[in-house]
Amino acid sequence: MTAALTVAERQIGLLLSIMLALMGLVMAATARHGVMSLHGFMALGLGIGLTLMLAGALYDPEPPSNRLHRYYDEPTRFGIAMTLVWAMIGMGVGVWVAALLYWPEATPPWPATSFGRLRPVHTTGIIFGFGGNALIATSFHVLQRTSRARLADSISPWVVLLGYNLFCAWAVTGYLMGSTQSKEYAEAEWYADLWLVVIWLTYFALYLRTLARRNEPHIYVANWYYLAFILVVAMLHIVNNLALPVRFTSAESFPVWSGVQDAMVQWWYGHNAVAFFLTAGFLGMLYYFLPVRSGRPIWSYRLSIVSFWGITFFYIWVGSHHLHYTALPYWAQTLGMTFSVMLLVPSWASAGNAIATLNGAWHKVRDDATLRFMFVAAVFYGLSTFEGSFLAIRPVNSLSHYTDWTVGHVHSGTLGWVAMIIFGAIYTLVPQLSGKTGMASPRAVEWHFWLAVTGTLIYVVSMWNAGITQGLMWRAYDENGALSYSFVQSVEAMAPYYLLRTIGGGLFLTGAAFCAWNCRATMRKATGQATDRPLVTQPVE
Amino acid sequence: MLKLHYNLEKISMGLVAAIIVAASIGGIVEIAPLFTIDETVELPDDLRPHTPLELAGREIYIREGCYACHSQMVRSLADELDRYGPYSLASESAYDHPMLWGSKRTGPDLARLGGKYSDNWHVAHLIDPRSVVPASIMPAYPWLARTLDTGLLPDSLATLARLGLPYDDAMVAAAEADALGQSRPDSDATDGFRERYGERPPARAFDGDPSRLTEMDALIAYLQSLGRLTDAPYRILAEASQ
């Protein structure tokens with residue numbers, strides 16, 4: 001990490017590390033006890049660790065001067081490693097809490113391991129830890145290759161990655177200690193949210209500065225999506241997390257929004273976290289890695305324009321479909337439903353564009369598990385966006401809402417689409433960054449593929465059954481006009497589905513563990529050079 | 001159009017601006033009008049904010065992630081009205097920072113829970129859910145028997161007052177005493193609590209033990225307040241059914 005930095009860069013890094021340590025010290029000292037103090041110590045520890053590392057290497061020899069003619073891939077490698085670490089944490093906790101729903105007696109008697117505290121560890125670990133690290137890592141790779149420019153500087157990629165992972169670690173350790181805002185997918189408390197704003201602005205600045213140095217006249221479509229991801233997530237994060245801390249020395253805060261406004265803001269955020277975190281960024285990934293791996297250009301440039309602007313414009317309206325039949329004004333619900341249905345057009349345009357790109361490369365899909373991951377991702381993207389539009393229709397939603405159908409829908413998107421495209425990208429990137437022609441064990445990739453597909457299908461099908469059963473039981477009336485089932489009868493009916501879901505999740509987790517092991521084995525044999533072409537300084541045109 | 005886009009792709013700040021515009025319109029149209037809701041949805045006269053003890057209970061409800069499995073939003077559907085009670089009104093959660101409408105019913109909706117079960121039932125249920133509901137899959141919360149930390153309550157009430165909740169200075173100053181007073185009936189602290197919060201909120205030893213103020217007291221006080229902060233939903237449903 002330090003060998004590629006110049007002495008001047010190491011000095012800047014050292015200064016930033018000391019500032020981080022001081023910030024942690026101030027947090028720990030002023031909060032004195034509780035979760036904020038622990039988080040202060042975590043920042044202090046990271047700051048001291050980085051300080052020691054940089055100080056120890058401060059006057060090591062300068063890196064070779066030709067480094068500026070090469071892409072800067074070390075941050076990407078670190079980001080991929082963190083992606084896999086968070087995959088193990090997030091998926092492991094996911095399988096564990098799934099098992100607790102089938103076997104609640106297994107809950108250990110400690111507060112920190114209770115279902116309600118572990119559930120946000122699973123969601124944050126997956127969305128922000130696994131998904132976020134994968135997005136940042138691949139965006140650095142894609143940005144450099146499609147711009148034919150090295151990252152604008154060597155320090156800010158590390159600020160982004162290390163700072164972002166500190167945010168994730170703060171968030172999940174906070175939940176375990178009972179510190180949460182309760183806003184779904186935005187549970188982290190106010191100081192962590194402020195920290196993320198700083199990190200995110202650094203990320204945005206780095207992106208724009210690198211784009212400004214590009215040696216290609218056009219900004220490639222993958223970068224539009226990464227840009228939309230960075231920009232809109234910033235907007236959503238700031239508005240949804242506006243809160244007044246109870247004290248500046250404690251973690252507790254109250255959101256400034258209340259009641260129906262809070263519900264609308266929360267689901268405007270919540271669904272657009274799906275849109276701009278879990279979709280836009282990953283479409284950027286798809287638009288780069290699918291053509292690269294299949295060796296085919298994107299099928300239609302026009303379709304990619306239509307789908308990009310369609311997704312950017314339509315998605316932001318749809319959040320209110322989470323609030324059908326609630327106290328939210330009816331017109332807002334109707335708008336959410338209408339735009340959700342219209343959203344199918346740009347979504348299927350993207351999915352169709354991806355699948356049509358594979359025309360002429362189907363033999364590769366058959367033979368190459370990595371490309372198959374991407375193909376399955378595009379198919380699941382199409383399926384889950386269709387399901388999403390369908391579930392947003394008011395009468396359908398009256399049955400599906402509050403049930404496990406929603407959980408099944410989310411996982412068809414996250415397991416089937418998001419995780420599959422991440423694995424496809426990782427299996428393309430890791431050998432390339434390690435100077436290899438393939439992964440250490442191609443057989444493990446093949447096993448991973450089938451475990452992932454089987455796990456996803458078992459999970460999704462069992463949750464469909466669970467959700468529809470719940471929805472029908474809740475609304476069933478007997479011949480006397482009384483409700484047919486008590487609530488707890490609907491809970492009892494879930495047992496077989498919850499067991500199946502745990503098995504499906506377990507298979508998926510096993511596959512991901514193969515991936516982590518395989519990536520480690522490949523990276524350990526790395527020759528230290530990426531196999532792609534070195535940076536050229538002259539534009540082609 | 002295609003030519004226009006062809007040129008837009010060459011200007012990064014142009015793309016940035018276009019993305020911001022495209023992604024802002026929907027949010028502005030849907031969210032902005034809701035801030036005139038104070039003028040369009042009148043708060044019921046009898047709507048009361050949570051007492052300090054209930055507020056502490058609400059923080060425990062949030063801390064333990066109860067909202068992940070329990071909604072607090074009865075939809076306007078026949079079976080929900082039959083199962084839970086009157087549908088939820090926007091005004092009911094007007095004082096809720098944040099709202100806890102929830103998104104999933106692994107367990108039942110709790111919007112109308114207040115008064116449905118006895119305090120004893122709640123104590124038994126929270127310590128060992130399967131002792132009262134054999135088929136329940138809810139985790140047990142034995143640690144709720146520990147002493148409640150009320151140290152943050154005055155600052156919490158002050159913060160909520162700044163956000164527009166009807167807590168006056170006396171309520172802020174006496175928040176800790178009022179939490180104690182609500183859980184320890186017939187003590188001196190209860191008189192002060194009654195003076196500030198009136199006769200409507202119940203004051204009793206929610207966990208069955210008046211000698212200790214526990215997290216269980218706070219959580220049960222909160223659970224018993226659900227759907228009881230105003231009678232408006234019951235009134236509206238009764239008027240509609242006449």
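What follows draws every value from the coordinates through simple rules; no lab data is involved. Predicted model only: the values in this text are computed from it and were never measured. Don't worry about glycine lacking a Cβ; one is built from the backbone with ideal geometry, like all the others, and counts go over all protein chains shown.
Exposure proxy for A:R145, A:R296, A:R302: other Cβ atoms within 10 Å of each Cβ, ordered fewest to most, give A:R302, A:R296, A:R145. Only Lys, Arg, Asp and Glu carry charge here, each on its Cβ (+1 for the first two, -1 for the last two); on that basis region B:55-135 has a dipole of about 140 debye about its Cα centre. Other protein chain C-beta atoms within 10 Å of residue C-beta, averaged over A:244-252: 4.
Hydropathy at least -1.0 by Kyte-Doolittle, axial extent at least 18 angstrom from the Cα trace: which helices of chain B, defined as entire DSSP H runs, fit?
For chain B, where a helix must reach 18 Å along its axis and average at least -1.0, the hits are B:12-31.
Bridging of B:K104 to lysines at a Cα separation below 22 Å is possible for A:K183, B:K116, once same-chain residues fewer than 8 apart are set aside. Translational D (Stokes-Einstein, µm²/s) of region A:267-323 at 37 °C and 0.692 mPa s when Rh comes from the Kirkwood sum over C-alpha pairs? Translational D for this selection: 264 µm²/s. For region B:160-242, the Kirkwood radius over C-alpha pairs fed into Stokes-Einstein at 10 °C and 1.306 mPa s yields D = 112 µm² per second.
Calculate the dipole size of region B:93-242 relative to its Cα centre from +1 charges on Lys and Arg beta carbons and -1 charges on Asp and Glu beta carbons; express the result in debye to the nearest 20.
680 debye
Given R0 = 41 Å, the distance between the Cβ atoms of A:T30 and A:M1 translates into a calculated FRET efficiency of 0.85.
Structural size metrics of region B:60-183, computed from C-alpha coordinates, are Rg and Dmax of 16.6, 47 Å.
With K and R counted +1 and D and E -1, the other residues having a Cβ less than 13 Å from that of A:Y402 yield a net charge of +1. Within the shell of other residues whose beta carbon sits under 12 angstrom from the beta carbon of A:A137, the net charge comes to -1, with Lys and Arg scored +1 and Asp and Glu -1. Percent of Cα pairs in the protein assembly as shown per distance bin of 10 Å, from zero to the largest separation: 3, 13, 23, 26, 19, 11, 5, 1, 0.
Output the relative contact order of chain B, whole-number percent, from Cα pairs under 8 angstrom with separation of 6+ residues. Relative contact order comes out at 26 percent.
Once divided by 2.2 N^0.38 Å, the Cα radius of gyration of region A:5-160 becomes 1.32. Shielding by partners for peptide A:404-410, expressed as the average number of C-beta atoms from other protein chains within 10 Å of each residue's C-beta, is 1. Helices assigned as whole DSSP H runs in chain A whose Cα atoms extend at least 27 Å along their own long axis and whose mean Kyte-Doolittle hydropathy is 1.0 or higher are found at A:7-31, A:35-56, A:74-102, A:156-176, A:190-212, A:221-240, A:369-391.
Using +1 on the beta carbon of Lys and Arg, -1 on that of Asp and Glu, and nothing else charged, what's the dipole of chain A about the Cα centre, debye to 20?
The dipole of chain A has a size of about 1320 debye.
What the pair-distance distribution of region A:321-475 shows, using all Cα-Cα distances binned every 10 Å from zero, is 11, 32, 30, 17, 9, 2 percent.
Relative contact order of chain A: 14 percent, from C-alpha pairs under 8 Å at least 6 residues apart in sequence. With a Förster radius of 60 Å applied to the C-beta separation of B:F35 and A:R366, the computed FRET efficiency comes to 0.60.
Region A:333-357 and region A:457-525 have Cα centres lying 26 Å from one another. Taking the fewest neighbouring Cβ atoms within 10 Å as the starting point, the ordered list for A:R119, B:R162, B:R204 is B:R162, B:R204, A:R119. Site pair A:E446 and B:S211 shows an inter-label distance of 7.1 nm when each label is modelled 7 Å from Cα along Cα→Cβ.
Here the calculated FRET efficiency for B:D128 and B:R194, from their Cβ-Cβ distance with R0 = 35 Å, stands at 0.55, rounded to the nearest 0.05.
Projecting the Cα atoms of A:Y427, A:G360, A:L303 onto the dipole axis of region A:283-433, where Lys and Arg carry +1 and Asp and Glu carry -1 at the beta carbon, places A:G360 farthest toward the positive end. Across peptide B:8-20, the mean count of Cβ atoms from other chains lying within 10 Å of each residue's own Cβ comes to 6. Sorted fewest first by neighbouring Cβ atoms within 10 angstrom, A:E387, B:E92, A:E62 come out as A:E62, A:E387, B:E92.
Identify which of B:G198, B:G208, B:G14 has the largest mean-square fluctuation in a Gaussian network model of chain B, with springs joining Cα atoms closer than 10 Å. Fluctuation is largest for B:G14.
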